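Novice: This is the structure I want to talk about, given as structure tokens.
The values are calculated or read from the model by the stated rules, or taken from the named source; none is laboratory data. Please read these numbers as outputs of a predicted model, since none were measured by experiment. Note that each Cβ is placed from the backbone with ideal geometry, even for glycine, and that neighbours are counted across all protein chains shown. The area values use the complete protein model at the heavy-atom level, side chains included, leaving out ligands, DNA and RNA. Shrake-Rupley method; radii C 1.70, N 1.55, O 1.52, S 1.80 Å.
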Amino acid sequence: VLSDFRKDNAAFFHDCFKQTVKLAMELKLASLGHISLDGSKFKANSSKHKAMSYKKLKEQEKNLSIEIDELIEKANRCDKEENQTYQDKTGYEIPEDLKHKASRLAKIKKAKAALEKREAALNPGQPIEDKKQISFADTDARIMGKKGNFDSRYNGQISVDKDNQIIVGQHVSQQANDTQEVKPALEKIADAAGKLPERMSLDNGYMTGDNLEALDDSPIEAYIATNKGEKTHKEPLSESGRKLVKADFDYDENKDQFRCPGGQQLVIVREGKDGAKIYQGNKETCKACAYQSRCCESKNGEARTINTDNKEPLRRKMNAKMEQMGSKEIYKERKVIVEPVFGQIKNRGFRGFSLRGFEKVAGEFSLVCATHNLKKMVDSVFKGLIRPEFEIANI
């Protein structure tokens, strides 16, 4: 009964979460002064051993189709010849082997179609890589992980308020990284809280063109950690023997070119439909440069390249902002705002989903986040931060 209740009430759980956010704001336990966004992977109700790659799915579909055609041909031939293999059967009965293969083929085709539909939604217009996998148990989950620890998972995203660690926005993503999660996160915050936060801090995983654009289009004062290669070094390049990084190259927004420390202009040599850009210098000029040994790492002696996207001006703006001491101090707060919340959720026992399918999983995550908020509110009562008799009477 409890299992059915969870399966059938995703919309109710979403509403419960929104109600906890509104209640927390009414009780002044959340102000949206500083929000921190982060994501964590939670195991799907499946197993990596019940998953299959796109390449394997295509191979299985082809092989099973051939085997089924051969079995049907053989069955028809035997039926006509009244082969004793079928004994007193009518000839219209299907051999068990054929039934098994036909059932298996149907499952393969269903999983393959689900994978193609999923990837088309997540990566429109992009070819599907053969290594992409899908779980037969939960076709919406994706293989996620790092350092050899891969499994079928979902990416849970939470936006946490600094005041009392109230979750003011949450959503589940099928993306294995956080490169496109800011826009949906802002939509969820506005939906639950009724407005956007004043400040927002995010780790380096969110430092992408799409995320920067979403924040730039909003009134939020954002702070995102700078990529390692884009951090300005304290010591002058001429006084150290270090390798040249992207931060050592000046960017000319008007010409859309990079200028290396040696004075050479790196121009666009490749541009993708997704906005990705590759800039490169001249091979011969690089060979004659004093920085060549510390800059060019191509084994074939090719010129130095710089990879970025069509949002480079926004990235440069954020990098410059994060050089300021005030920005660094604000960003430091991120660790104590959002990271402990994931620890609290997991320590209470939630480390993976019980339901299957994206919509049901999203509902379950809303329930988890609503429970977290309610616990924070109850804790606040015991700490004396709010007085229920007075506060609730004024809501």
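Novice: Residue 11 fails exactly one of the following numbered conditions: (1) hydrophobic (A, V, I, L, M, F, W, C); (2) over 24 Å from the mean Cα position of the chain (by Cα); (3) modelled with pLDDT of 90 or more. What is the number of that condition?
Specialist: Evaluating residue 11 over (1) hydrophobic (A, V, I, L, M, F, W, C); (2) over 24 Å from the mean Cα position of the chain (by Cα); (3) modelled with pLDDT of 90 or more leaves (2) as the failure.
Novice: Which one of 251, 279 is of a type outside the set (Asp, Glu) and within 30 Å of residue 332 (Cα to Cα)?
Specialist: Sole residue among the options that is of a type outside the set (Asp, Glu) and within 30 Å of residue 332 (Cα to Cα): 251.
Novice: If I filter the stretch 249-279 down to residues being farther than 15 Å from residue 309 by Cβ and of a type in the set (Asp, Glu), which single residue comes out as least open to solvent (accessible area, probe 1.4 Å)?
Specialist: Among residues in the stretch 249-279 that are farther than 15 Å from residue 309 by Cβ and of a type in the set (Asp, Glu), the one least open to solvent (accessible area, probe 1.4 Å) is 252.
Novice: If you don't mind, another one. Kindly indicate whether any position in the stretch 387-394 is at pLDDT below 95 and buried (at least 19 other Cβ atoms within 10 Å of the Cβ).
Specialist: No, the stretch 387-394 contains no residue that is at pLDDT below 95 and buried (at least 19 other Cβ atoms within 10 Å of the Cβ).
Novice: Within the stretch 157-195, track down each residue that is open to solvent by 60 Å² or more (accessible area, probe 1.4 Å) and either at positive phi or in a loop (DSSP other than H, G, I, E, B) (or both). Break it down into steps so the answer makes sense when it comes.
Specialist: So the first thing to find is which residues in the stretch 157-195 are open to solvent by 60 Å² or more (accessible area, probe 1.4 Å), and the list is 162-163, 177, 180, 183, 187-188, 191, 194-195.
Result: 162, 163, 177, 180, 194, 195.
Novice: Could you grab the pairs with beta carbons closer than 6 Å, sequence gap of 6+ or different chains, first residue in the stretch 17-41 and open to solvent by less than 20 Å² (accessible area, probe 1.4 Å), second one hydroxyl-bearing (Ser, Thr, Tyr) and at pLDDT 95 or above?
Specialist: 17/366; 35/159; 36/201; 37/159
Novice: Taking the options 89, 110, 48, name whichever one is out of contact with any Lys or Arg (no Cβ under 8 Å at 6 or more places or on another chain), at pLDDT below 80 and closer than 30 Å to residue 351 by Cα. Before the answer, list the steps.
Specialist: Numbers: 89 fails: closer than 30 Å to residue 351 by Cα; 110 fails: at pLDDT below 80.
None of the others qualify; the one that does is 48.
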